[in-house]
Amino acid sequence: MFIKTNNEHLIINILGIKIKLRIKESDKTLKLLNYMYENDIYIKNKCVNIPNIKSHDDTLKVLVNSNKSICRYGDGEFNIILGVNIGFQDYSPQLAQRLKKILISKDKNIIIGIPDKFTNLDTYEPRTAYWWRDYMVNKRDKIYPLLDFEKQYYDSGISRPYIDLKNKLQSPYYFNKLKGIWNDKDIVFVEGEFSRLGYGNNYFRNAKSIKRIICPAQNAYDKYNEILSKCLSLPKESLIIIALGPTATVLAYDLAQNGYRALDLGHIDIEYEWFIRKSKSREAIKNKYVNEIWNGKISSKLNDREYKSEIIYNLAQKGE
């Protein structure tokens, strides 16, 4: 067995079989590598370039007080653009191109959310800060060319108001304010087959009605045209809430272009489940797909009469 390293990997050679493992930098090393971007002095003096991102509170105000739609980007969307498969969506050149164009779009009725993780990370739980610090150290130079530094972006973490925050005292306020968006509205969930937004909790009970368009849990973009077509058959007054990974980003944009209000709010239901459980870390939720933990990727059927009655289209490969 031979072991050697390069700048990023530990390479183990066992009987001619090479295994390459990524070296995990210490948090201290990552803080040093990311130091200028997390230091207010360097930012204020414009020694580093930082995208313009509205705060969580300001993003919430826009969504509550306007009729604007939102398209959100996280590490998954950036990875797709960069040619990388993610857990539930394979890389697609077409999807990557759509994501690139929407990221710098100028439609005044659509806000674009990106992670507020390009600067100081002190407001986040240590595990979250470490993950994003590592991501930025390794991906910042690839992400920056994709952004428009003259554009006003918003906080994509608007649908994640609990588990990653160090101070969770504001979480009840955030969840409650978001509920006002769909109060007494006819909402349609466009979701993955096992996402089941609102099932088993009361978070969307203040809506006037709930309907669902069920989509594939894996590689939803493969059925994009069909999904879009079904959405375009909905009444224009419908509020469309989407939880469908990178497909949601594109779908929210196209629906907004067609006169709908569409909110890409993936993870909001799981965040609420963790919130009402007072979870300290990510955990599996019965009957719901949680893509960020190993034991959360369920594929179980749900025999619930009320839930089934809400489904107007089922485009998943396997029906409920």
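The values are calculated or read from the model by the stated rules, or taken from the named source; none is laboratory data. What you see is a predicted model, and the numbers here were worked out from it, not measured in a lab. Ideal geometry is used to build each Cβ from the backbone, glycine not excepted, and the neighbour counts take in all protein chains shown.
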Cβ-Cβ under 6 Å pairs, at least 6 apart or on other chains, the range 144-173 side over 19 Å from residue 120 (Cα atoms), far side among the hydroxyl-bearing types (Ser, Thr, Tyr):
171/162
Of all residues in the range 267-296, which are without any contact (Cβ under 8 Å) to a residue 12 or more places away in the chain and either buried (at least 16 other Cβ atoms within 10 Å of the Cβ) or on the phi > 0 side of the Ramachandran plot (or both)?
278
Near pairs, Cβ below 8 angstrom, 6+ apart or cross-chain, from the range 100-111 (among the polar types (S, T, N, Q)) to any residue that is surrounded by 15 or more Cβ atoms within 10 Å (Cβ to Cβ)
105/112; 105/253; 109/68; 109/69; 109/256
When you scan the range 1-23, do you find a residue that is modelled with pLDDT of 90 or more and farther than 25 Å from residue 289 by Cα, even just one?
no
Out of 54, 46, 106, report the one residue that is at positive phi and either surrounded by 17 or more Cβ atoms within 10 Å (Cβ to Cβ) or more than 20 Å from the chain's Cα centre (by Cα) (or both).
46
When residue 57 is evaluated against the numbered criteria (1) modelled with pLDDT of 95 or more; (2) farther than 26 Å from residue 261 by Cα, which criterion, by number, is the only one it fails?
(2)
Among (1) in contact with a strand residue (DSSP E or B) (Cβ under 9 Å, 6 or more places away or on another chain); (2) assigned to a helix (DSSP H, G or I); (3) not hydrophobic (A, V, I, L, M, F, W, C), there is one condition residue 144 misses while meeting the rest; what is its number?
(1)
Just a yes or no: is a residue in the range 85-102 of a type in the set (Phe, Trp, Tyr), at pLDDT below 95, surrounded by 13 or more Cβ atoms within 10 Å (Cβ to Cβ) and not in a strand (DSSP E or B)?
yes
Report yes if some residue within the range 285-303 is of a type in the set (Asp, Glu) and at pLDDT 95 or above; otherwise report no.
no
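Here is a yes/no grid of residues against (1) within 18 Å of residue 76 (Cβ to Cβ); (2) among the aliphatic types (A, V, I, L, M); (3) buried (at least 22 other Cβ atoms within 10 Å of the Cβ); (4) assigned by TED's automatic domain parsing to the domain that holds residue 67:
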residue	(1), (2), (3), (4)
182	no, no, no, yes
185	no, no, no, yes
190	yes, yes, yes, yes
198	no, no, yes, yes
203	no, no, no, yes
208	no, no, no, yes
218	yes, no, no, yes
226	no, no, no, yes
235	no, no, no, yes
From the list 71, 47, exactly one residue is part of a loop (DSSP other than H, G, I, E, B) and of a type outside the set (A, V, I, L, M). Which is it?
47
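This table checks each residue for (1) part of a loop (DSSP other than H, G, I, E, B); (2) touching a Ser or Thr at 6+ places or on another chain (Cβ under 8 Å); (3) modelled with pLDDT of 95 or more; (4) not polar (S, T, N, Q).
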| site | (1), (2), (3), (4) |
| --- | --- |
| 190 | no, no, yes, yes |
| 194 | yes, yes, yes, yes |
| 199 | yes, no, yes, yes |
| 202 | yes, no, yes, no |
| 205 | yes, no, yes, yes |
| 228 | no, no, yes, yes |
| 231 | no, no, yes, yes |
| 247 | no, no, yes, no |
| 253 | no, yes, yes, yes |
